[in-house]
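Any read-out appearing in this document is the output of simple, stated calculations on the displayed coordinates, not a laboratory observation. All of these numbers come straight from a predicted model, not from anything done at the bench. In this analysis, Cβ positions are derived from the backbone assuming ideal geometry, glycine residues included, and neighbour counts consider all displayed protein chains.
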Amino acid sequence: MCTSNRNTKTDRSKISTKHLLPRLLFALAAAWVILAAGLSVIYTRGLLHPPCPPPPPTPDGFLEVQIPVTENLSLSGWWSAPHNGAVILLLPGHGGNRASLLEEARFLSQAGYGVLSADPRSCTGEKSTIGWREVEDLRAMRDYARAQPGVQWLGVLGFSAGGASAILGAAEIPEIDAVIAEGNYANLAAEITFSPAFPLSMQWLIQRFTLLAYTLQTGVWPGRVSPINALPRVCPRPVFLIHGQREIERSRGEQQAAAAPCAQLWVVPAAGHGEYAAAQPQAYRQTILQFLEQAQQTVGTPSP
């Protein structure tokens, strides 16, 4: 009888151990997935609510203005009137503000262009969508500029996410006559998942959960936020793509092919993301001004 009881207890122990291992593995896998989901939610929240640096004092030659977007949303910006009938709308990158493209604003104004530079909607407490709903802000900037006296021609210059908004917006806004996009991503979903990751690794899971979290929080699948798909709709208006040599693989140089034949691509030697003016200060300014002059001649508006 004692031997039988011991055998029964041993059998039960084996059965319990046999069932415990799958449960333990399932618990570990669930914890792994839950951790990845939590980290992706935190990461996505940071993407959609970036801090907004305070702008410096209004530069000489510019006025501080308010640009109405909706009844409850207005953007703060700087305005400088044109001397040649042409205005350039400036869109900063993710986490930037109206001062992020101050160097561009100054040399464009000195060359006779009107300039309208605005804080992104994230600076008002609104959610950033890294290019998608910012198209509404570009429409508002268009409306503001076109309401000013003497404005005959509009161009847009955007950096990074602002470059993506410039392309996406120009595809829908026919009044924009030319586009300069610097360091913009080609497709937001591809950008989020750009870094190679082993399937089911923590990085891989965070990337996929970030796609889902972005969709749930913005109402749009990031694969739809696709400048490379919008570029053909910008044609025949001229497009100038600027990317640094050290970022061209990530920012996808094939965007030029997508917009051919109306797109030019300048790969700035030795430059990383946003380092174009620092790497080639004279060429950067001259190349942009030359593109704008040629673009105005194409449209038939007086050049500076």
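Based on DSSP, what percent of beta bridges with both residues in the chain are antiparallel, to the nearest 5?
Details: 11 of 36 bridges.
Of all bridge pairs located within the chain, approximately 30 percent are antiparallel.
Model label sites at E175 and A270, defined 7 Å from Cα along the beta-carbon direction, differ in position by 4.3 nm.
When the alpha carbon coordinates of the stretch 205-304 are projected onto the principal axes, the ranges are 49, 32, 22 Å, largest first. Across the chain, C-alpha contacts under 8 Å between residues 6 or more apart give a mean separation that, scaled by the residue count, equals a relative contact order of 15 percent.
Sorting check: for 243-253, 163-173, 32-42, which peptide has the highest mean count of neighbouring beta carbons within 10 Å, and how do the rest follow?
Values: 243-253: 18.4, 163-173: 26.0, 32-42: 15.1.
Highest to lowest by the protection proxy: 163-173, 243-253, 32-42.
On a per residue basis, the convex hull of the C-alpha atoms belonging to the stretch 156-261 measures out at 97 Å³.
Take each peptide in 200-208, 153-161, 65-73, count the other Cβ atoms within 10 Å of every residue, and average; sorted highest first, the result is 153-161, 200-208, 65-73. Find the centroid of the Cα atoms in the stretch 93-156 and in the stretch 68-89, then give the distance between the two in whole Å. Centre-to-centre (Cα) distance: 6 Å. In this entry, the chain is assigned a mean projected area of 20.5 nm², taken as a quarter of its C-alpha convex hull surface.
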